[in-house]
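To start, the structure itself, in structure tokens.
The values are calculated or read from the model by the stated rules, or taken from the named source; none is laboratory data. Just so we're clear, the structure is a prediction, and the values are computed from it rather than from any experiment. A quick note on method: Cβ atoms are made from the backbone with ideal geometry, for glycine too, and the neighbour counts reach across all protein chains shown.
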């Protein structure tokens, strides 16, 4: 049986998304790689740079069910998971699924709702299931959550707890576009938004096959050791209050598998780990208060760790 062409699928998906998200190839490819690794993404950036549009473009590019949840302070857990409602005709309670019952879920401005409601996503993201009134309901596959938040505006927000952050495979920023790209954004949206004409290029079954193929990518023992060394270094850093846990180590290895597969390889290199380490680890560490106010402190800490931890030779 011929191996599924992960690199081809990723390229097709990324090219389609980039007709909407201009000049952000690295961010788009990182998001696509996370999807193919069966992970979820947290997009943190200032307003207007395309956070929501990136998530919508991913969803539109795949022929699956997409739901958007706009997080607000009055949102309830049942507004996400669904609830049991009484049917007068049958005389029984029937489960009415919430918007989390989709293949791709956009959790827009996730930090604008209460921690109680934020936690409604924990089981879904971690176990691909939802439990309501003691009954467990399995979610569809593939299942992918793309959450957005504005890291600058703290008014009326509820910071995500570490346990919730840890469920995101990666966090990424899009950033402001370059001059030429911003001009192209304006030109492309004068008549209509490109998202309005975007068509699916993959099916849900394609994503499932790609995800299975990514899992088959070989991670050698030295590379596994390198992942562990990097994560242990976050716990030992003098600049960190709380380092990454074992889930972070696993995320590092899985994203490295994804990078290798997207590049057409069936084995992971240490450079793959280095490539994904900032996106995988920076939201999993808590910097000391003196550093927390600094711009990009977690990223600088991870970069320092990458410079200090020895890279395995010949792996």
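Just to be sure before I move on: is residue 241 over 19 Å from residue 313 (Cβ atoms) and either modelled with pLDDT of 95 or more or not in a loop (DSSP other than H, G, I, E, B) (or both) in the structure I sent? Yes. Among the residues of the range 182-203, those identified as surrounded by fewer than 14 Cβ atoms within 10 Å (Cβ to Cβ) and in a helix (DSSP H, G or I) are 182, 183, 186, 187, 189, 196, 197.
Considering (1) on the phi > 0 side of the Ramachandran plot; (2) modelled with pLDDT under 95, the lone condition that residue 313 does not fulfil carries the number (1). One residue alone among 121, 75, 106 is surrounded by 15 or more Cβ atoms within 10 Å (Cβ to Cβ) and either part of a loop (DSSP other than H, G, I, E, B) or not assigned by TED's automatic domain parsing to the domain that holds residue 28 (or both), and that residue is 75.
For the range 89-96, the condition holds for no residue, the condition being that it is under 22 Å from the mean Cα position of the chain (by Cα) and either surrounded by 15 or more Cβ atoms within 10 Å (Cβ to Cβ) or not assigned by TED's automatic domain parsing to the domain that holds residue 209 (or both). With respect to the conditions (1) at pLDDT below 90; (2) closer than 19 Å to residue 117 by Cα; (3) within 20 Å of the chain's Cα centre (by Cα), residue 133 lacks only one, and its number is (3). Taken residue by residue, the range 280-294 has no member that is on the phi > 0 side of the Ramachandran plot, over 22 Å from the mean Cα position of the chain (by Cα) and either at pLDDT below 95 or crowded, with 16+ Cβ neighbours inside 10 Å (or both).
May I ask you to verify whether residue 240 is under 25 Å from residue 4 (Cα atoms) and either touching a residue at least 40 places away in the same chain (Cβ under 8 Å) or buried (at least 17 other Cβ atoms within 10 Å of the Cβ) (or both)? Answer is no for this residue.
Residues in the range 264-273 that are touching a helix residue (DSSP H, G or I) at 6+ places or on another chain (Cβ under 8 Å) and crowded, with 16+ Cβ neighbours inside 10 Å were compared, and the one that is nearest to residue 219 (Cα to Cα) is 268.
With respect to (1) closer than 30 Å to residue 205 by Cβ; (2) surrounded by 14 or more Cβ atoms within 10 Å (Cβ to Cβ); (3) touching a helix residue (DSSP H, G or I) at 6+ places or on another chain (Cβ under 7 Å), the lone exception for residue 101 is condition (3).
Just to be sure before I move on: is residue 47 over 22 Å from residue 169 (Cα atoms), under 20 Å from the mean Cα position of the chain (by Cα), touching a residue at least 24 places away in the same chain (Cβ under 8 Å) and not in a strand (DSSP E or B) in the structure I sent? The answer is yes for residue 47. Apart from one condition, residue 80 fits all of (1) assigned to a helix (DSSP H, G or I); (2) modelled with pLDDT under 90; (3) more than 14 Å from the chain's Cα centre (by Cα); the exception is (2).
Okay, residues lined up against (1) part of a strand (DSSP E or B); (2) in contact with a strand residue (DSSP E or B) (Cβ under 8 Å, 6 or more places away or on another chain); (3) buried (at least 20 other Cβ atoms within 10 Å of the Cβ):
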| site | (1), (2), (3) |
| --- | --- |
| 3 | no, no, no |
| 8 | no, no, no |
| 11 | no, no, no |
| 14 | no, no, yes |
| 20 | no, no, yes |
| 26 | no, no, no |
| 31 | no, yes, yes |
| 34 | no, yes, yes |
| 39 | no, yes, yes |
